[in-house]
Amino acid sequence: MSSNEWFIGMMTGDPALTTMGDHPCGSSGNPAILELPFKMKVSLPQWLDYLPDGSVLDERGFQPQIQFETPARAFEDARDDLLTTALRDLALPPLPAKPIESATMGENR
């Protein structure tokens, strides 16, 4: 889990990158497994990682820019709904960085 968090953290350093999916688990690295009574096990990170806004990464994780709700059976057999959606969205023309001048001119008059 922590390797996934580090990978997403490094990739989001690219301003041209867009993340899509569901949030990951939110786990720091190097967990210690403690065995408790009643056959219970707890995984405790031995250090804390922080998100760019200063909040703790654990139990929160990086939030995707585009949320993707995974339907049941989304990854069965050769099916991958998230990849299919991402490839479809990549084929769409990008939105303009600012409103088109002719569209806003009438509002200002």
Q: Return the total of residues in segment 26-42 being exposed (fewer than 14 other Cβ atoms within 10 Å of the Cβ) and either hydrophobic (A, V, I, L, M, F, W, C) or within 29 Å of Ala86 (Cα to Cα) (or both).
A: 7
Q. Can you name the number of the only condition in (1) out of contact with any strand residue (DSSP E or B) (no Cβ under 6 Å at 6 or more places or on another chain); (2) farther than 30 Å from Leu95 by Cα; (3) hydroxyl-bearing (Ser, Thr, Tyr) that Thr18 fails?
A. (2)
Q) Which residues, counting only those in segment 43-85, are more than 19 Å from the chain's Cα centre (by Cα), surrounded by fewer than 10 Cβ atoms within 10 Å (Cβ to Cβ) and not small (Gly, Ala, Ser)? A) Gln46, Trp47, Arg73, Glu76, Asp77
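Conditions tested, residue by residue: (1) touching a Phe, Trp or Tyr at 6+ places or on another chain (Cβ under 8 Å); (2) not hydrophobic (A, V, I, L, M, F, W, C).
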position	(1), (2)
Ile8	yes, no
Gly13	no, yes
Leu17	no, no
Gln63	no, yes
Ala74	no, no
Asp77	no, yes
Arg88	no, yes
Q) What pairs come up if the first residue lies in segment 35-60 and is free of Cβ contacts under 8 Å to residues at least 24 places away in the same chain, the second is of a type in the set (Gly, Ala, Ser) and in a strand (DSSP E or B), and their beta carbons are under 8 Å apart, counting only those six or more places apart or on different chains? A) Ser43/Ala32; Leu44/Ala32; Gln46/Ala32
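Yes/no per residue for (1) among the charged types (D, E, K, R); (2) at pLDDT 85 or above:
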{"residue": "Ser2", "(1), (2)": "no, no"}
{"residue": "Asp14", "(1), (2)": "yes, yes"}
{"residue": "Met20", "(1), (2)": "no, yes"}
{"residue": "Ser27", "(1), (2)": "no, no"}
{"residue": "Ala32", "(1), (2)": "no, no"}
{"residue": "Glu35", "(1), (2)": "yes, yes"}
{"residue": "Phe38", "(1), (2)": "no, yes"}
{"residue": "Lys41", "(1), (2)": "yes, yes"}
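The values are calculated or read from the model by the stated rules, or taken from the named source; none is laboratory data. All values reported here derive from a predicted model rather than from experimental measurement. A quick note on method: Cβ atoms are made from the backbone with ideal geometry, for glycine too, and the neighbour counts reach across all protein chains shown.
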